[in-house]
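J.: The structure that follows is given in the form of structure tokens.
The values are calculated or read from the model by the stated rules, or taken from the named source; none is laboratory data. From a predicted model like this one, the values you see are computed outputs, not experimental measurements. Here the Cβ positions follow ideal geometry from the backbone for every residue, glycine too, while neighbour counts run over all protein chains shown. Keep in mind that these areas ignore ligands, DNA and RNA; they rest on the heavy atoms of the full protein, side chains included. Shrake-Rupley method; radii C 1.70, N 1.55, O 1.52, S 1.80 Å.
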Amino acid sequence: MKQVRPKKNLGQHFLTDLNIAKQIADTVDACPDIPVLEIGPGMGVLTQYLVPKPREVKVVEIDRESVAYLHGRFRKEDTALAANDDWIISADFLRMDLSKVFDGRQFVLTGNYPYDISSQIFFKMLDNKDLIPCCTGMIQREVAQRMASQPGNKQYGILAVLIQAWYDVEYLFTVDETVFNPPPKVKSAVIRMTRNHVNELGCDENLFKRLVKTVFNQRRKMLRVSLRQMFTQGKPREGFYEQEMMTKRPEQLTIPQFVALTNIVSEELEYLEKNA
């Protein structure tokens, strides 16, 4: 079969090391007994190790050339798949209604994710966290390090806080750039995110996201400075900026502290609204 040409505009870097491909595919075993959705299978290097697992597998691919290749390859390799073309979804993952993929059932998300949209993929995962108890795969090492970072670390930021509020993040292993075609300019890493036991944050979730993004956009400033952007309708009550937490910078706060701060800000916003 004719090989698929990697396309720069789609951020395609095809993994060529089969041992690493199998290791990545096996990361889904941490969440057994539920279906798997692979993003961006390309020529099926991960897919070939996912398909034999005792669970339903679907793949979503935006590149039509790859879709045609996958249909041809797996018709030859797997007679069961040959009779069911529905398992290959030709679509843009970011535009999909994930509740329809497995008829509302939970599933594992995995893949060799395009570097330029990996953050968007994970934000979509967060929007569908009740459907996705586990997410694994390969991304740019720098992004993986940010996602797994802890308070006090310079890499700790928006992505870490928003994901770790709902998922336990594991940095599993690093992948060298030489095992791709074409080789990317950076190293990659394989991660796994597993839903924690948090069902409710204990604050307004939309305000929580807005606050986290606001303060990390000025991460070098103390909270008493960066939080001023939250109050466009007036000044908070006297003493608000004198609280002990306000002398901290955002990377110093744990997730429970961000929740507490969200509730403090929410009270002030409600007060200003009532007294407008």
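J.: Determine, for each peptide in 50-56, 240-246, the mean count of other beta carbons within 10 angstrom over its residues, then list the peptides with the highest first.
T.: Put in order of decreasing packing, that is 50-56, 240-246.
J.: Using 1/(1 + (r/R0)^6) with R0 = 51 angstrom and r between the beta carbons of residue 106 and residue 233, what's the FRET efficiency to the nearest 0.05?
T.: With R0 = 51 Å, the Cβ-Cβ based efficiency is 0.80.
J.: Which entry is the computed log10 I(q)/I(0) by the Debye sum over Cα atoms at q = 0.09 Å⁻¹ for this structure: (1) -0.49; (2) -0.54; (3) -0.38?
T.: Among (1) -0.49; (2) -0.54; (3) -0.38, the one derived from this structure is (1).
J.: Run the reach check for residue 221 against aspartates and glutamates, Cα to Cα strictly under 20 Å, same-chain hits fewer than 8 apart removed. What comes back?
T.: Counting by Cα, and skipping residues close in sequence, residue 221 has these aspartates and glutamates nearby: 242, 244, 251.
J.: Skipping prolines and chain starts, which residues have an amide H placed within reach, meaning under 5 Å, of the one on residue 113, given they are 5 or more residues away or on another chain?
T.: The list, which skips near neighbours in sequence, is 138.
J.: Run the helix sum for the chain: -39,500 (n - 2.57) per DSSP H stretch of 4+ residues, divided by residue count, reported at 222 nm to the nearest 500 deg cm²/dmol.
T.: -9500 deg cm²/dmol
J.: Per 10 Å bin, what percent of the C-alpha pairs of region 20-134 does each bin hold, from zero upward?
T.: Taking all Cα pairs of region 20-134, the binned fractions are 14, 49, 34, 3 percent.
J.: To continue, here is another question. Over region 173-276, what lengths in whole Å, largest first, do the semi-axes of the equivalent ellipsoid take, defined as the square roots of 5 times the eigenvalues of the alpha-carbon gyration tensor?
T.: 37, 17, 13
J.: Is there a pair in 154/248; 58/100; 53/100 whose C-alpha atoms are over 20 Å apart, and which pairs would that be?
T.: Too far apart for the 20 Å limit: 53/100.
J.: Let me ask something else. Rg and Dmax of region 129-224 over Cα atoms: what are they, in angstrom?
T.: Looking at region 129-224, its Cα Rg and Dmax stand at 15.3, 48 Å.
J.: Which percent of the accessible heavy-atom area of region 24-64 goes to carbon and sulfur, probe 1.4 angstrom?
T.: Carbon plus sulfur share of accessible area: 52 percent.
J.: Here's another thing I want to ask about it. Mind checking the full-extension length gain between residue 91 and residue 53? Use 0.36 nm per residue of separation minus the Cα-Cα distance, one decimal, nm.
T.: Computed gain between residue 91 and residue 53 is 11.3 nm.
J.: Could you tally the net charge around residue 197, taking each other residue with its Cβ under 15 Å from the Cβ of residue 197, Lys/Arg +1 and Asp/Glu -1?
T.: In short, -1.
J.: While we're on this one: Per residue of region 107-113, what does 6.51 cos²θ - 1.76 cosθ + 1.60 with θ = phi - 60° give for ³J(HN,Hα)? Whole Hz please, x for Gly and Pro, Karplus curve as stated.
T.: After applying 6.51 cos²θ - 1.76 cosθ + 1.60, I find 8, 8, 9, 8, x, 9, 6 Hz.
J.: Using the Cβ atoms and a cut-off under 11 Å, what net charge is assigned to the surroundings of residue 178, where Lys and Arg are +1 and Asp and Glu are -1?
T.: -2
J.: Taking a cut-off of 11 Å, what percent of all Cα-Cα pairs in region 192-233 are separated by more than that?
T.: Counting pairs separated by more than 11 Å, the tail of P(r) holds 71 percent.
J.: Quote the relative contact order of the chain in percent (integer), defining contacts as alpha-carbon pairs under 8 Å separated by 6+ residues.
T.: Once divided by the residue count of the chain, the mean separation gives 16 percent.
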